[in-house]
Amino acid sequence: MPKVSVVRCDNYEKELVCKKVEEAINLLGGITSFIKTGENVLIKPNLLSPKKPEKAVTTHPEIVRAIIRLVKKAGGIPFVGDSPGGAVVGSNESTRLLATIDKYWLESGLTKVCDEEGAKLVSFETGGVEIFRIKNRKYTPEVFISKTVMSFDCVITVPKLKTHGMILFTGAIKNLFGCVPGLRKSTYHKQAIHPDNFSQLLVDIFSIIKPRLSIFDGIYGMDGNGPSAGRIKKFAVIVAGKDAVAVDSVASKIIGFKDPNEIPTTKIANKQGLGESDLSKIEILGENLFDFVQKDFIKPSNAILKMFPQWFVSLMSKLIWTYPEINESKCVVCKMCVKSCPVEAIEMIGKYPRVNRKKCITCMCCHELCNYYAINVRLSWLADKVVKRK
Ligand code: SF4
Ligand code: SF4
């Protein structure tokens, strides 16, 4: 039976977080049962956009600090790395990409923590890719993973507890999408438009990387239209475990989903035998899981509609629709949305960007990556009713 630890942690005070993360790992057998002396360990936070930690978009640096310390305690060598989608702004020039990523590390507070703790920040944009061919995958038969990621002895995935506008929930499995370097992430959005197909890709990535440990930063997170523009919420919890599917199942229950199998990545991974999604078959260690389960949960509106079968959405497309819409009063015309749209559905018309609905595949990358909260999720009247009933 997989074990998942659930530990209360009320704030990001440095020593408190270190103590609580260690407590969560000790419940699972202690850090030496995961990391061996001399191993090179990649700590993979969620670095979605260059936001300050209090915005609850990125994994908090104090969680990363606590993990760096634990890895060192076990005799391992800690590294911290990610390839956030927004750092890839339509350019192939690696120098430009790296310059942009520096801003992410600085804003998120990770540069400071890594400097203080002696952990090296690594980029996935240079060093090449390893290509894995997956049989019977119609949309994404080739999985590109950074060679840098594959060079580590093990990976610890450290997601932030948040909802996701395309696939409902971003957790230990989804967090590994950042191991795909550069513009390939954008290509995947074009290839796997439906959430089920995109989730299948995420599970394939997960099955290749096989993180040794998953640790959720659930002290503050986000529900509603996450992962960057939702409602910031205090969950006061750290969730950890070896089985990433079980950890995602427990974390998604805490955020407010009724059944972990509502989350397509969890459902697919469980079906493939990659982990447990039945809460009755997961041993919860530490505190009572149900003390943390949220009762006033707001689901991401766009993702709910996308969970309907494709044929139904197409049939009802005139009545049930959802699109990103630019809020000109907040837009600073940085053009991040224009450059990051995988299908070039956003054009500059006049002073502000506009979404071309005919081209839009509603991947919600623009909504996710706009740093100024200037992209709203617009729903038709009927779609709004459907979402409120779900
Ligand atoms: S909508 Fe957001 S991302 Fe797009 S140009 Fe305006 S501020 Fe930039
Ligand atoms: S406009 Fe936004 S939601 Fe539509 S395809 Fe482009 S990035 Fe995705």
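The values are calculated or read from the model by the stated rules, or taken from the named source; none is laboratory data. Worth saying up front: this structure is predicted, and the values here are computed from it rather than measured. Note: ideal-geometry Cβ built from the backbone for every residue, glycine included; neighbour counts use all protein chains shown.
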Original post:
Only one of K295, K233, K258 is outside any helix (DSSP H, G or I), without any contact (Cβ under 8 Å) to a residue 24 or more places away in the chain and more than 16 Å from K3 (Cα to Cα); which?
Top reply: K258
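Please indicate, with yes or no, whether at least one residue in segment 220-233 is aromatic (F, W, Y), touching a strand residue (DSSP E or B) at 6+ places or on another chain (Cβ under 8 Å) and farther than 25 Å from E22 by Cβ. Steps first, please.
Residues of segment 220-233 aromatic (F, W, Y): 220.
Imposing the further condition that a residue be touching a strand residue (DSSP E or B) at 6+ places or on another chain (Cβ under 8 Å) reduces the set to 220.
In the following step, the residues that additionally are farther than 25 Å from E22 by Cβ were identified as none.
No, segment 220-233 has no match at all.
Looking only at residues in segment 32-90 that are of a type in the set (V, I, T) and surrounded by fewer than 19 Cβ atoms within 10 Å (Cβ to Cβ), which one is nearest to C341 (Cα to Cα)?
Pass one, segment 32-90, residues of a type in the set (V, I, T): 32, 35, 37, 41, 43, 57-59, 63-64, 67-68, 71, 77, 80, 88-89.
The next check asks that each one be surrounded by fewer than 19 Cβ atoms within 10 Å (Cβ to Cβ); those that pass are 32, 37, 77, 89.
Working: T32: 43, T37: 43, I77: 37, V89: 9 Å.
Step by step, filter segment 32-90, then rank; the result is V89.
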**OP:** Scan segment 306-326 and give yes if some residue there is within 13 Å of ligand 1 (Cβ to nearest atom) and out of contact with any Ser or Thr (no Cβ under 8 Å at 6 or more places or on another chain), otherwise no.
**Re:** yes
Original post:
Restricting attention to segment 332-346, and to residues there that are in contact with a strand residue (DSSP E or B) (Cβ under 6 Å, 6 or more places away or on another chain) and assigned to a helix (DSSP H, G or I), which single residue is farthest from ligand 1 (Cβ to nearest atom)?
Top reply: V338
Original post:
Within segment 314-323, is even one residue away from ligand 2 (no atom under 13 Å from the Cβ) and not in a loop (DSSP other than H, G, I, E, B)?
Top reply: yes
Original post:
Taking segment 337-387, which residues are among the charged types (D, E, K, R), without any contact (Cβ under 8 Å) to a residue 24 or more places away in the chain and within 14 Å of ligand 2 (Cβ to nearest atom)?
Top reply: E344, E347, K358, K359
**OP:** Sort out which residues of segment 166-219 are modelled with pLDDT under 95, of a type in the set (G, A, S) and outside any helix (DSSP H, G or I), and write them in order of number.
**Re:** G182, A192
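With hydrophobic (A, V, I, L, M, F, W, C) and over 22 Å from the mean Cα position of the chain (by Cα) as the only criterion, which of C341, C334, C365 stands out?
Residue meeting the stated conditions: C334.
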**OP:** Hey, can you tell me all the residues within segment 131-183 that are surrounded by fewer than 24 Cβ atoms within 10 Å (Cβ to Cβ), over 22 Å from V80 (Cβ atoms) and not hydrophobic (A, V, I, L, M, F, W, C)?
**Re:** R133, K135, N136, R137, K138, Y139, T140, P141, E142
**OP:** Mind listing whichever residues of segment 127-136 are in contact with a strand residue (DSSP E or B) (Cβ under 9 Å, 6 or more places away or on another chain) and outside any strand (DSSP E or B)?
**Re:** G127, G128, I134
Subject >> Residue list for segment 264-292, restricted to those being surrounded by 15 or more Cβ atoms within 10 Å (Cβ to Cβ), among the polar types (S, T, N, Q) and in a helix (DSSP H, G or I) >> reply: T265, T266, N270
